[in-house]
Structure formats: C-alpha cells, structure tokens
Amino acid sequence: MSILDKKLLLSDIEKRLNAYIPYDTVRKIIADAGEALTKYEVTSTGPDGGGNKEESRQLVRLYLDAKEIEGKSPQTLARYGYILNRLIEAIDVPLNRVTVYHLRQYMMAEKSRGISMNTIKGNSHVYSGFYGWLRKEGLIETDPTANIGQIKAPVEKEIPFSQEEIQLIKEACENDQQLAIVHFLLSTGCRISEMCSVDRSDVDFKNLKLSVTGKGSKTRTVYIDDVTAMMLRRHLQARDDIDPALFYSRNGRRYTPGGVRAMLKKIEERSHVPNIHPHRFRHTLATTLVDHGMSIQEVAAILGHSKLDTTMTYVCVNQRNTENSYRKYACM
C-alpha cells in the first residue's frame, strides 16, 4: 500500500482505539500494526485511490494535530485549517498530487477576486509549512511549494492613533468597561486574544503589571499606567457579578475577540475615527515607547515578539525625532 494510505489507515485505527485503550498502549499497537502492514498490499475503497477530498481533509487534520502538539494557539490552528480547507475546495486535485502550477493558478484566482498580495503571501507560508510537513513525514515525494518563488507584497505600515484620535475614542465610549478596555489596550499593547483571557485576579494593582499568555503559550509581563489602573478599578467596582474574567460581555460570558472587535467598530462609528481595531493599539504603544526613548529590544519584550524585525514593522518612526537625533549625534 502507498505511504499515504498507510498513514491514513493507522491514524483512523489510532483514533478508534484511543476511546477505550490507554495512550501508551495505543502507540505500541500502532507501531506494530505499521510494521505488519509493510508485508501486505492494501488499497483504499474510496474514490480516486485514496485521494478524494475527505482524505485531503484528513491530511489537514493530521497536520493540525502535529501543530497543536508543537504549541500553536487555537486561533493559529483555526487559521491554518481555514486556509488549507479553502485550498482543498478550490483545487479539484488530491493534495498529494498538487503541483506548483495548481498553486500558482489558485493564487492568481485569489488575486483576481480582490485578495491582497499581503494575504496571498501569508497564505503561501501556510501552504509551504503544510507541504514541508507532508514531505518530512514521507507522505509526498516532492514539495510543490519549493518552486513558488518569493512573493513580493507592498509593506502596509499601520499608522498609530494621534492624540486627538485617542481623545475622540475615549469620548465615544458608552460605559466604564469600554473606557477600561481602550485604556488597557493602549497601556499594555496586548493582542486581543491575550486581553480576553485575562482574569481580574491577574492584575497586580499595587505594582501596576500583569502576566499574559501569548502565542506559543509563552507568558510575559505587561504593564499598566496609573490612569489605566484607575479605569480598571472603576469598571470592576461597577460590576455585580462574580465571574473571574476581567472583561465581561452583556450576554453573560467572558468577552471574546469577536465581541471586542464589534464593540470597537461601534466606537469607530460614534467617534468618526477610521480603522479602529485591536492591532492598531499595539502599533500606537510601540511607536509611543520608541519615541520616548525605549529600546527596540524592550518594546519587543512588551509586545511578545521573538524577532526584532517584527517589532520594527509596528513602529512608525517620528521624522522630527529622527532629525533631532541626527543633529545630536552626527559628526562631520
């Protein structure tokens, strides 16, 4: 049987056995079964010799399982799954038979329907990760993404909020919680998923800091200023529930990223400040900290970036500060 059919068969058996047999025992059974299968010729009863869409989806599930074990966040796994399953539906070819030409045609079709080159470039990284994994696992002989080449996309620099825009945003908040959320985002630079996972007990009001868990389940310390602390206390004092979540939606549950985005969208409509979204608060904090003299390494630590190049894309350099620094340090 093919390596692909063998992998899918063993995965199916493993999932069935996991329901009533201890994990370590299942792994031993699967290892022995895999060795035994090398002596037999077995074919799939599915259409196209094991290459139908359902089996392509199974490959995606196996890949997502591997990424979950590596510590990828649920949001990242959901994004990978969405991108790869869209590829499955669009390309009527089994994933193990996709060529670079199929991928190029698909990406051109995406561009034609208005998808930005930045999005297409990001999706191509997902394809490369997936097919690289299939190749490493021995499920395909060649990686079709190897010859895609470098995709150039315009650098879209996020413009931080001005002081006037920040004031308009605050004035458009309808209650203490909305105002506390705005201050929290501006003060900590947290990702929206990080903010939604914070409990009220996580906030150290005495030392004006808290720990958050970000991408890759990495924990880091972020800080709040005196005004943010005051807004958080006011928000918590106005609540009459006992839910541990720092921010609590009207429907009786912890705020979700989607709920916060919807709330910010309404603030955008009331304030007439365009493009209000969580990541823009991160860009605003990064730019403010650099403008006030913080090193890029320290800013990276606050934002939870492992690469300084990523942090640099968040910073909108103040040209006036650049000129002043030049006048101060240049020696001719």
*Looking at (1) under 25 Å from I302 (Cα atoms); (2) in a helix (DSSP H, G or I), which is the only condition R270 fails?*
(1)
*Evaluate the following for I115: is it under 23 Å from the mean Cα position of the chain (by Cα), surrounded by 13 or more Cβ atoms within 10 Å (Cβ to Cβ), of a type outside the set (S, T, Y) and part of a loop (DSSP other than H, G, I, E, B)?*
yes
*Consider E141 carefully, then state whether it is in a loop (DSSP other than H, G, I, E, B), in the same structural domain as R280 (by TED's automatic domain parsing) and either among the charged types (D, E, K, R) or crowded, with 17+ Cβ neighbours inside 10 Å (or both).*
no
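Conditions tested, residue by residue: (1) modelled with pLDDT of 90 or more; (2) under 19 Å from the mean Cα position of the chain (by Cα).
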{"site": "E41", "(1), (2)": "no, no"}
{"site": "V60", "(1), (2)": "yes, yes"}
{"site": "I69", "(1), (2)": "no, yes"}
{"site": "L84", "(1), (2)": "yes, yes"}
{"site": "I88", "(1), (2)": "no, no"}
{"site": "N96", "(1), (2)": "no, no"}
{"site": "V126", "(1), (2)": "yes, yes"}
*Looking at (1) closer than 23 Å to K265 by Cα; (2) assigned by TED's automatic domain parsing to the domain that holds A262; (3) within 26 Å of the chain's Cα centre (by Cα), which is the only condition K170 fails?*
(3)
*Can you name every residue in segment 209-231 that is surrounded by 14 or more Cβ atoms within 10 Å (Cβ to Cβ), over 16 Å from G71 (Cβ atoms) and not β-branched (V, I, T)?*
K209, L210, Y223, A229, M230, M231
*Taking into account only those residues within segment 117-155 that are touching a residue at least 40 places away in the same chain (Cβ under 8 Å) and hydroxyl-bearing (S, T, Y), which is nearest to S56 (Cα to Cα)?*
Y127
*Counting residues that are touching a residue at least 40 places away in the same chain (Cβ under 8 Å) and in contact with a His (Cβ under 8 Å, 6 or more places away or on another chain), which helices (runs of 4 or more DSSP H) fully inside segment 176-260 reach at least 2?*
176-188, 226-237
*Sole exception among (1) closer than 30 Å to E70 by Cβ; (2) out of contact with any helix residue (DSSP H, G or I) (no Cβ under 9 Å at 6 or more places or on another chain); (3) surrounded by 14 or more Cβ atoms within 10 Å (Cβ to Cβ) for D204, by number*: (1)
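The values are calculated or read from the model by the stated rules, or taken from the named source; none is laboratory data. Since the structure is predicted, the reported quantities are computational estimates derived from the model, not experimental observations. No Cβ is skipped: glycine too gets one built from the backbone with ideal geometry, and neighbour counts run over all protein chains shown.
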